[in-house]
Amino acid sequence: MKLNKLALTVAGTLLAASMASYSVSASAADIKIGVSIWSSTDVLGSDSKRMLDAAAEALGVDIQYVDQGHVSERVTASVEQLVAAGCQGIIICNSSDTEMVSAIKTCNDNEVYLTQFYRIISESANPDIYEMAKASKYYVGAVHEDEPANGKALVNILLNKGCRNIGLIGWEQGDATWLGRWEGYRAGVEEWNAAHPDDQAKLSEPQYAGTSSEGGSKAAEALMAADPTLDALIPAGGGGDPLLGAVAAVERAGKVKDIAVVSTDFLPDLGERLANGSMAGQSGGHYCDPLYAFFLTYNAVKSQGDYSGQFIDLTFPYLYVSSPEDYGDYDKYFEQALPYNAEEIVALSNMSVDELKAAANKLSIEDAAARAAK
């Protein structure tokens, strides 16, 4: 396996004290894959890491993480750091479209494969960046969800529960996933209002929380203060911590029974929250986007393929729960266990792109339960 160019430079100049970096080694590894992630310790990040560590162990691959906090200069520096550490492939999230310009250039210059997870470059909003990615020999593609559909489904959970005055909490302005979800929330409200002229709903302009619990709490407090008639909140995402802060703010205000909350990125105590009413519904939960991005990158490194002229677009279906009963099997097959065992991971790693797309679209609570029963 050839060494990338930047790995031959002094890596120490790229290290920053604020960037958490550590490795999980697998035996007899000759492939090393880097993970640039907003956080490997919050709710979604820790589940993502748990799944990736299992894949690395099953395949005998070295894996290295850099937590970059979704801070722009740290996102771009994380790619340089992972290249310098000798990674032959990198998977990345969060990453804005503009940050991907630097990430792709770094990977092109150093012959390192790059795949996004939980994200995709917007072809409509940033066609030049999309074409840059498509032209790259080393940009493999993106694993993500249909975010507008997700947003519409979540806002419909609220509308069908009788909510009409919905407060919105985003995380980072310009983030592609956030913009997709926001598009879906707006579309759901607009469709409802067109069909119900005498029963109108409204969606606030977003308050931005970043990716912290404190940010989520302050955003929820601001929305409740601005409109005492608020009857629903959507903390749009950001890894789970903004949602925790928003729910805590609603609880402190004594409005758990008055304000319904839906979000994306499952909480570890979601079953209890659905039962006590502090959550009305949630989407997400399978945390397998990074696993499939890992497979795409692993196979690119193995094959040393040329990805110019391609843009692999692998879309996952979301999981939705809106009752304690919905949550029971999710907890059993996705929290108490991983949705794929080591044997299944090895089988997935040998699949073609089309076979991986089919496997991704099949993933559900019922699919995980059926495989676990075999």
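The values are calculated or read from the model by the stated rules, or taken from the named source; none is laboratory data. Note that this is a predicted model, so its numbers are computed, not measured. FYI the Cβ positions are ideal-geometry reconstructions off the backbone, even for glycines, and counts take in every protein chain you see. For the accessible areas, the whole protein counts, side chains as well, though only heavy atoms, and no ligand, DNA or RNA atoms are used. Shrake-Rupley method; radii C 1.70, N 1.55, O 1.52, S 1.80 Å.
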(message) Go through (1) part of a loop (DSSP other than H, G, I, E, B); (2) farther than 26 Å from residue 94 by Cβ for residue 272 and report which single condition fails.
(response) (1)
(request) Could you check, for segment 16-25, whether at least one of its residues is open to solvent by 50 Å² or more (accessible area, probe 1.4 Å) and at pLDDT 95 or above? (result) no
(request) Report, by residue number, each residue of segment 231-241 that is crowded, with 21+ Cβ neighbours inside 10 Å and at pLDDT 95 or above. (result) 232, 233, 234, 235, 236
(message) With surrounded by fewer than 19 Cβ atoms within 10 Å (Cβ to Cβ), of a type outside the set (A, V, I, L, M) and over 22 Å from residue 153 (Cβ atoms) as the only criterion, which of 221, 190, 205 stands out?
(response) 221
(message) Take the conditions open to solvent by 20 Å² or more (accessible area, probe 1.4 Å) and modelled with pLDDT under 95 and apply them to residue 45. Does it pass?
(response) no
(message) I need the strands (runs of 3 or more DSSP E) fully contained in segment 275-346, keeping only those with at least 1 residues that are open to solvent by 10 Å² or more (accessible area, probe 1.4 Å) and under 20 Å from residue 33 (Cα atoms).
(response) 312-316
(request) Among the residues of segment 246-257, count how many are more than 14 Å from residue 225 (Cα to Cα) and surrounded by fewer than 16 Cβ atoms within 10 Å (Cβ to Cβ). (result) 2
(message) Restricting to segment 347-357, name every residue that is open to solvent by less than 60 Å² (accessible area, probe 1.4 Å) and assigned to a helix (DSSP H, G or I).
(response) 347, 348, 349, 353, 356
(message) Checking residue 182 against (1) open to solvent by 40 Å² or more (accessible area, probe 1.4 Å); (2) farther than 26 Å from residue 244 by Cα; (3) of a type in the set (Phe, Trp, Tyr), only one condition comes out false. Which one?
(response) (2)
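Results for (1) modelled with pLDDT under 95; (2) touching a helix residue (DSSP H, G or I) at 6+ places or on another chain (Cβ under 6 Å); (3) of a type in the set (A, V, I, L, M), shown as yes or no for each residue.
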residue	(1), (2), (3)
129	no, yes, yes
136	no, yes, no
139	no, yes, no
167	no, yes, no
174	yes, no, no
188	no, yes, no
(request) Find all pairs meeting these conditions: Cβ atoms under 8 angstrom apart; at least six residues apart or on different chains; first residue within segment 208-220 and within 15 Å of residue 251 (Cβ to Cβ); second residue surrounded by 19 or more Cβ atoms within 10 Å (Cβ to Cβ) and of a type in the set (Asp, Glu). (result) 213/241; 216/241
(message) Tell me whether segment 331-342 contains one or more residues that are farther than 30 Å from residue 57 by Cα, over 17 Å from the mean Cα position of the chain (by Cα) and of a type outside the set (Val, Ile, Thr).
(response) no
(message) Suppose we filter 106, 115 for residues that are at pLDDT 95 or above, of a type in the set (Val, Ile, Thr) and over 22 Å from the mean Cα position of the chain (by Cα); which single one remains?
(response) 106
(message) Please go through segment 163-207 and give me each residue that is touching a residue at least 24 places away in the same chain (Cβ under 8 Å) and of a type in the set (Gly, Ala, Ser), ordered by number.
(response) 167, 170, 174, 176, 180, 184, 187, 188, 201, 204
(request) Sort out for me the strands (runs of 3 or more DSSP E) sitting completely within segment 82-168 that have 1 or more residues that are among the small types (Gly, Ala, Ser). (result) 89-93, 139-145
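Residue-wise test of (1) out of contact with any Lys or Arg (no Cβ under 9 Å at 6 or more places or on another chain); (2) surrounded by fewer than 18 Cβ atoms within 10 Å (Cβ to Cβ).
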position: 127; (1), (2): yes, yes
position: 142; (1), (2): no, no
position: 154; (1), (2): no, no
position: 157; (1), (2): yes, no
position: 163; (1), (2): yes, no
